[in-house]
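Heads up: the structure comes next, in structure tokens.
Values quoted throughout were computed directly from the atomic coordinates according to the rules given, and no laboratory measurement underlies them. Computed from a predicted model, the values in this text were never measured in an experiment. Here the Cβ positions follow ideal geometry from the backbone for every residue, glycine too, while neighbour counts run over all protein chains shown.
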Amino acid sequence: MSLNTKLVCYLIVLLFPIFTSQAQTILFESNKVENEIVLDFSANSVWKVISDFNNLPKLVPKMIKRAEVNGNGIYASWLIYLQNEQVVKEEMVYFNSMEMEFAYVMTKTPMPLNDYLSIQKVEAIGENKSKVKFTSYYNALPQNKAMLEETFNDFQNTFLNNIKNILQ
């Protein structure tokens, strides 16, 4: 092999991961799934339920077997053990109890996506009435868009509808 051929091969081996990573990032598309619900419960009582991540198995029992929560508020992180035995890890990145809003990122997932961010907010709309908004942002390849959208819609709607089951 000539010196030029060796140099070209070396550069390909060295740069291939960078190019494929860039290409994959370029192919990914941004996605958003958002659902909300109005509940006949005070915002404070709803906030207590959704901001306690130990409630995840009760909120989404058909998907979540158990959750291991470490820390509280902005310092919280949790492992979610799914019914199919796979694991998701999430970490809080924003927590404001006065505004009743938090955001977290998914740092480990078996799902074919990148850069997952979730924002949940509780808003008082009356003395014993509140609205909860659950928004997910993520990047995914176009061929996974429909499957992930269905998964997150199902997850969010199950989560939101089960809040009242915990409060009753």
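The residue among Met100, Leu148, Asn165 whose Cα reaches farthest toward the positive pole of the charge dipole of region 29-167, with charges on the beta-carbon of Lys, Arg, Asp and Glu, is Asn165.
Of the chymotrypsin sites (Phe, Trp or Tyr not before Pro) in region 40-100, not one is in a loop by DSSP (not H, G, I, E or B) with at most 14 other beta carbons within 10 Å. A cut-off under 14 angstrom between Cβ atoms defines the neighbours of Lys65, and their net charge, with Lys, Arg +1 and Asp, Glu -1, is +1. With distances taken between every two different alpha-carbon atoms, region 99-154 has a Kirkwood hydrodynamic radius of 12.9 Å.
Annotation: average projected area of region 29-167 is 7.6 square nanometres, based on the convex hull of Cα atoms across all directions.
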